[in-house]
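These notes are about the structure you will find just below.
The numbers here are math on the coordinates, done by the rules we state, and not lab data. A quick note: this is a predicted structure, and the numbers were derived from the prediction, not measured. Please note: Cβ atoms are built from the backbone with ideal geometry, for glycine as well, and neighbour counts cover all protein chains shown.
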Amino acid sequence: MGSIRSSNVKRVAKEIVENNKDVFTEDFTRNKQILKTALTSVSKNNLNEIAGYATRTVVKNRMKLQREIDEGTVTV
């Protein structure tokens, strides 16, 4: 079974990724470093959860775009 993330972690991660699409990548460590500078008063555990969910969101968005391109519903 996978771990369940709180809605607060999901909300913060989605907002940050949507506002900074060019900054975040599929690399967890790089995303974690970016979030360390952006979020100052966050615990280590929450920072890791937010970075992990942000990474997962970037991967899902890339996979969704690739699937749409393959199906021909979106042109690049």
Original post:
Can you give me the relative contact order of the chain as a percent, contacts being Cα pairs under 8 Å and 6 or more apart?
Top reply: 36 percent
Original post:
For the chain, what is the per residue volume of the convex hull drawn over the alpha-carbon atoms, in cubic angstrom?
Top reply: 114 Å³
Subject >> Net length gained if the chain between R5 and E71 were fully extended (0.36 nm per residue, minus Cα distance) >> reply: 20.6 nm
**OP:** Filter the trypsin sites (Lys or Arg not before Pro) in the chain down to the DSSP loop ones having no more than 15 other Cβ atoms within 10 Å, then list what survives.
**Re:** R5, K21
Subject >> Only Lys, Arg (+1) and Asp, Glu (-1) charged, at Cβ; the chain dipole about Cα centre in debye >> reply: 340 debye
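Only loop residues by DSSP count here, and only those with at most 13 other Cβ atoms within 10 Å; note down the GluC sites (Glu not before Pro) in the range 20-76 that meet that.
When the GluC sites (Glu not before Pro) of the range 20-76 are filtered for loop state and at most 13 Cβ neighbours within 10 Å, E26 remain.
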Original post:
When the helix-only estimate is applied to the chain (DSSP H runs of n ≥ 4, each -39,500 (n - 2.57), divided by the residue count), what is the mean residue ellipticity at 222 nm, nearest 500 deg cm²/dmol?
Top reply: -23000 deg cm²/dmol
**OP:** Determine the sum of side-chain charges near K44: Lys and Arg each +1, Asp and Glu each -1, restricted to other residues whose C-beta is under 14 angstrom from that of K44.
**Re:** +1
